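Worksheet: the structure to be examined is printed underneath.
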Amino acid sequence: MAKEIVLSGIRSTGNLHLGNYYGALSKFVRMQNDFDCMFFIADLHALTTHPDPLTLHTNVKSILAEYLAAGIDPEKATIFVQSDVPEISELYLLLNMHVGIGELMRTASFKDKARKALGITTGSSNNDDEDIERQIIGNESNKRVNAGLLTYPTLMAVDILIQKAHKVPVGKDQEQHLELTRRFARRFNSYYGVDLFPEPVNFDFGGAPVKVPGLDGSGKMGKSEGNCIYLIDEEKVLRKKVMRAVTDEGPKEPGSPLSQPIANLFSLLELTSTPEVVKQFRDAYADCSIRYGDLKKQLAEDILKVTTPIRERINEYINDEAYLGRVVRQGAERARERASKTLSEVREIMGIRKF
């Protein structure tokens, strides 16, 4: 019996961090044993917000090394670079013919990124959606909101549909895009009267979603927030980051509730430390004897137990370009085999035939 196809990708916009590891990479490593897994580096997606040609290849290489260092095995899973599969770009064009501009402009991620690009503060107007449309259409600043950003959901849908993936691990911020993928699949199948594209579902491999908080006292860990612990961070850098993490004045009386910054530190501790260590510091907080400096030192020590072997493997892979090249060439060949078949089917269905 054929294994179900699982597909996921990470944009090549910088090094991966602890949130990427616990939220995605560690799950990918488990998935590769039971599913037909395809893990790619989304360099085309990266161009929507990070079009710098000087850093693009470096970022692709870094993420490839980090995939491997985290334990993704190219003999068990297909690892490829998005742009190495040109069939994706062609299907992206063809599928866009069945996608409405209105439904793309209404996506939460587009509006959020457009606000940031245009400098619009959320809630600055009674209808900031109109502000976005007006500035995009009639202002020189519209150059900062490119068409690729608008059609990002189509490209994501193509990544999934061209491989006929059944399961796609996505976070909460990508659920709307996955629903659009299902909508586009239904629309194409219905319009042409075919049963070509399966409708993919979200897949987290069991358990509650993992939210890895940042070190700034609020929100999740993210590159754009500048609150990350990167897998490649050297020991001295990592310790310094953790010791500078935001805290509060400490509990004033026994049984005090955790403030958000302290809850964040305990969340990180629960991910990386033993239950005994977590209990020790929770008890200390509860009876007001906790010392945040001790908590941070322990947290840094336990994070390093996770990241140090990964960092060492990253450095090994980064310096072995011949091996990295073999991995992506092998991955591209596998990915293109399925993608080419799907594209040929789409061209035939849409009436694009050679004489």
Item to check | Lone unmet requirement of (1) modelled with pLDDT of 95 or more; (2) in a helix (DSSP H, G or I) for Ser224 | outcome: (1)
Item to check | Single condition Ala165 does not satisfy, out of (1) surrounded by fewer than 18 Cβ atoms within 10 Å (Cβ to Cβ); (2) assigned to a loop (DSSP other than H, G, I, E, B) | outcome: (1)
Item to check | Residues (under 21 Å from Glu337 (Cβ atoms) and among the hydroxyl-bearing types (Ser, Thr, Tyr)) located in region 40-88 | outcome: Tyr67, Thr78, Ser83
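Let's see how each residue does on (1) within 22 Å of the chain's Cα centre (by Cα); (2) open to solvent by less than 60 Å² (accessible area, probe 1.4 Å):
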site: Lys305; (1), (2): no, no
site: Glu316; (1), (2): no, no
site: Glu321; (1), (2): no, no
site: Gly331; (1), (2): yes, yes
site: Thr342; (1), (2): no, yes
site: Val346; (1), (2): no, yes
site: Gly351; (1), (2): no, yes
Checklist entry - Glu270: under 24 Å from Val29 (Cα atoms) and surrounded by fewer than 18 Cβ atoms within 10 Å (Cβ to Cβ), yes or no? => result yes
Checklist entry - Out of Arg338, Arg311, which single residue is open to solvent by 60 Å² or more (accessible area, probe 1.4 Å) and either of a type outside the set (Ser, Thr, Tyr) or free of Cβ contacts under 8 Å to residues at least 60 places away in the same chain (or both)? => result Arg338
Checklist entry - In region 1-22, what residues are touching a residue at least 60 places away in the same chain (Cβ under 8 Å) and either surrounded by fewer than 21 Cβ atoms within 10 Å (Cβ to Cβ) or part of a loop (DSSP other than H, G, I, E, B) (or both)? => result Glu4, Ile5, Thr13, Gly14, Asn15, Leu16, Tyr22
Item to check | Residue check for Leu68: farther than 24 Å from Pro209 by Cα, out of contact with any Gly (no Cβ under 8 Å at 6 or more places or on another chain), part of a helix (DSSP H, G or I) and of a type outside the set (Gly, Ala, Ser) | outcome: no
Item to check | Criterion violated by Ser190 - all others in (1) of a type in the set (S, T, N, Q); (2) touching a Ser or Thr at 6+ places or on another chain (Cβ under 9 Å); (3) not in a loop (DSSP other than H, G, I, E, B) satisfied | outcome: (2)
Item to check | All positions within region 145-162 that are crowded, with 23+ Cβ neighbours inside 10 Å and in a loop (DSSP other than H, G, I, E, B) | outcome: Ile162
Checklist entry - Which of (1) surrounded by 12 or more Cβ atoms within 10 Å (Cβ to Cβ); (2) farther than 30 Å from His98 by Cβ does His177 not meet, given it meets every other one? => result (2)
Checklist entry - Condition test on Asp283, is it more than 30 Å from Ala165 (Cα to Cα) and acidic (Asp, Glu)? => result yes
Item to check | Selection count, region 71-105, where residues are in contact with a Cys (Cβ under 9 Å, 6 or more places away or on another chain) and in a loop (DSSP other than H, G, I, E, B) | outcome: 3
Item to check | Positions within region 72-88 being surrounded by fewer than 17 Cβ atoms within 10 Å (Cβ to Cβ) and under 20 Å from the mean Cα position of the chain (by Cα), in sequence order | outcome: Asp73
Item to check | Selected residue (criterion: least open to solvent (accessible area, probe 1.4 Å)) from residues of region 184-216 that are in contact (Cβ under 8 Å) with a residue 40 or more places away in the chain and more than 28 Å from Ile63 (Cβ to Cβ) | outcome: Phe188
Next on the checklist: Looking only at residues that are more than 15 Å from Arg326 (Cα to Cα), of a type in the set (A, V, I, L, M, F, W, C) and assigned to a helix (DSSP H, G or I) in region 45-65, which one is most open to solvent (accessible area, probe 1.4 Å)?
Outcome noted: Leu54
Item to check | Only listed residue being at pLDDT 95 or above and over 21 Å from Ile72 (Cα atoms), chosen from Leu7, Leu18, Leu44 | outcome: Leu44
Item to check | Residue in region 23-44 that is assigned to a loop (DSSP other than H, G, I, E, B), open to solvent by 20 Å² or more (accessible area, probe 1.4 Å) and within 16 Å of Ile314 (Cα to Cα) present | outcome: no
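The values are calculated or read from the model by the stated rules, or taken from the named source; none is laboratory data. Here the structure is a predicted model, which is why all the values come from computation and not from measurement. Don't worry about glycine lacking a Cβ; one is built from the backbone with ideal geometry, like all the others, and counts go over all protein chains shown. With ligands, DNA and RNA removed, areas are computed over all heavy atoms of the protein, side chains included. Shrake-Rupley method; radii C 1.70, N 1.55, O 1.52, S 1.80 Å.
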